[in-house]
Structure formats: structure tokens, C-alpha cells
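Contents: one structure, followed by commentary.
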Amino acid sequence: MAEFSRKSGRRVIENINTKKASKQEVFDFYKRQRAQLQRRGQKVDPLLKIKNVKKSDIVSQLAKMEKMELESSLGRRYQQTVKRMGAQTPSQAAKSILGFEKHIRELESKGKIDIKNILGGTLDLNFAQEPEPEPEPEPLLDLPDFEPEPPRAGGQKQVIKYRGRLAHDLIANWVDDSLLDPETFDDSEEIWEYMSATEEQAEDFNFFSDYYSGTHKKGTSKYYDSFKQFLQDKEIFEREMKKKGKAIPAYPSAEYWQKLDEWRQEQEAKNNLL
């Protein structure tokens, strides 16, 4: 790399083309960049001595520091992204988080950053609620007709796979806002689907939430399954009403829910007769 920039925030303070600059000019730029990183609390390598190094050695240090500064700025940008999440809708927050994650993965693939140097490497972790390990079986006694007890069903916890720290923090934000009960989901893919669907179909979801009187708690996977079933029933109900030439009640309204509920009970009764 031949060109380097020294920045203050997003503002470029100075540039240098190391191919055209003298060794002394490159060294002076290097000292200013190093001092700036130190003031920001960055841990830098010991100061080079100009008499003991070649120009290429100084350029290598500049490249290393530029990478360090990029990683640091990405860490700051991450913190800002998480802070903004509180003012965003769930689907907007997911879009911001996943867009940022895509950006850092692209930088990593080009060798411009080491993701393990950003926020202690936590952006590269796959957070998961791992199943509790099965206890080691005790040695069987040498007794006649001894039968070990069969394993009990449901002994392991569900595995909820998060995509990384970004997704982990986003899901935690939804949990804090009482929008989600993650322990009822098997995988984070279902969580993304739930949150985006409830945001993109907000009118339907609000209508369903206002009238739903089932046993499933809001924010659980079973509650979301009920919402998806409602959407399917709604579509079939309206199609059948049109086919029979009947008027469809205004949507959303209490009359609509009542008619839909009556239709669902009729369908259930028909299925029980089969």
C-alpha cells in the first residue's frame, strides 16, 4: 500500500504517498499517526528508530496501524448501531445489524481487518444456549436382571443459535422490550422471521393481538404459529365468502373477527365428522 491518511473522526487531516515521499517524511507521518492512536488509548508497537529500519519497515507499521484504526472505528460504529436500535422498529433494527455484519465480513474477506480484534472478538462468536451435557453414567453393578432406567424425555434444553454478538444484542433488546420469548424458539432464524413478519404485517398482527384469546403467551413461538394460522384462515375465509356471494365484514373490526371465528368453528366441526 502506497497511500495513507490520518483522520480526525471522518475528516482527513493529511495524506501521504509513501512511494513519492522520502524516508524522513514517511517516518514523521508515522510518528504523528502513532501518537494519535496512543492518545485514543490504542496499544501500539514500540517506536521505531529511523536509523535502524528501512523505509519499507515504516510503511509496514503504517499499514498495521491503519488496520488497527479501522478495527477501532468499526467497534465504535457497532456501539452506535446498538444505541440506535432502541429508536428503530424490530425489522429496521435487524436490517441495520445484518447490514453492518455484512460490511465487516466483506472487509475481513479482503484482509483489511481481523474480526477477532474488534470488541475482543465477540463479533465472531456464535452465541447459543447449549444443551446441558448428559451426566456420565455410573458403572453398573454386577447384579442379575439389572435394567438401567430409560433416559427421561425432555432432559435437554433447546438450542437457540444466534448469528453472533450483533444478533445476540438485537434479540436481547427485543426481550427487554417484552416483544420476544427466545426460550420457546428452536433457532434464531425463526426469531428473525417472527419479528420481521409482525412488523411488515403490523395491521394484521395488531388486529390478531387485540382479539386473540388463546392460551399462548405473546412473543412465544406458539403465539406466532397461531398468528400464521390466522393469516391462512383469513385468506381462505375471504375466498369462500366471495365464492358464496356473501358480504365480507369490514377489516379490521370486531364483526370481522366474530364471523371469522364462527367460520373456523364450522371448519373444525366438519373436520371432526370426517
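The values are calculated or read from the model by the stated rules, or taken from the named source; none is laboratory data. It should be emphasised that the depicted structure is a prediction, and the values quoted were computed from it without experimental measurement. Here the Cβ is made from the backbone with ideal geometry for all residues, glycine too, and neighbour counts use every protein chain on show.
Let me confirm something: among Leu74, Leu47, which residue is crowded, with 17+ Cβ neighbours inside 10 Å and over 28 Å from Leu179 (Cα atoms)?
Answer to the check: Leu74.
Can you confirm whether the stretch 37-44 contains a residue that is under 31 Å from the mean Cα position of the chain (by Cα) and under 30 Å from Ala197 (Cα atoms)?
No, because not a single residue in the stretch 37-44 is under 31 Å from the mean Cα position of the chain (by Cα) and under 30 Å from Ala197 (Cα atoms).
State whether the residues of the stretch 242-254 include one that is touching a residue at least 12 places away in the same chain (Cβ under 8 Å), outside the structural domain of Gln92 (by TED's automatic domain parsing) and of a type outside the set (Ser, Thr, Tyr).
Looking through the stretch 242-254, at least one residue is touching a residue at least 12 places away in the same chain (Cβ under 8 Å), outside the structural domain of Gln92 (by TED's automatic domain parsing) and of a type outside the set (Ser, Thr, Tyr).
Can you name every residue in the stretch 49-99 that is touching an Asp or Glu at 6+ places or on another chain (Cβ under 7 Å) and aliphatic (A, V, I, L, M)?
Answer for the stretch 49-99, where residues must be touching an Asp or Glu at 6+ places or on another chain (Cβ under 7 Å) and aliphatic (A, V, I, L, M): just Val82.
Which one of Leu166, Leu170, Leu180, Leu143 is modelled with pLDDT of 50 or more and either outside any helix (DSSP H, G or I) or over 22 Å from Thr122 (Cβ atoms) (or both)?
On inspection, the qualifying residue turns out to be Leu180.
Scan the stretch 64-114 for residues that are under 27 Å from Ala2 (Cβ atoms), among the acidic types (Asp, Glu) and assigned to a helix (DSSP H, G or I) and jot them down.
Glu66, Glu69, Glu71, Glu106, Glu108
Please find, among Gln88, Gln80, Gln33, Gln92, the residue that is in contact with a strand residue (DSSP E or B) (Cβ under 8 Å, 6 or more places away or on another chain) and either under 30 Å from Gln201 (Cα atoms) or touching a residue at least 24 places away in the same chain (Cβ under 8 Å) (or both).
So the residue among Gln88, Gln80, Gln33, Gln92 that is in contact with a strand residue (DSSP E or B) (Cβ under 8 Å, 6 or more places away or on another chain) and either under 30 Å from Gln201 (Cα atoms) or touching a residue at least 24 places away in the same chain (Cβ under 8 Å) (or both) is Gln33.
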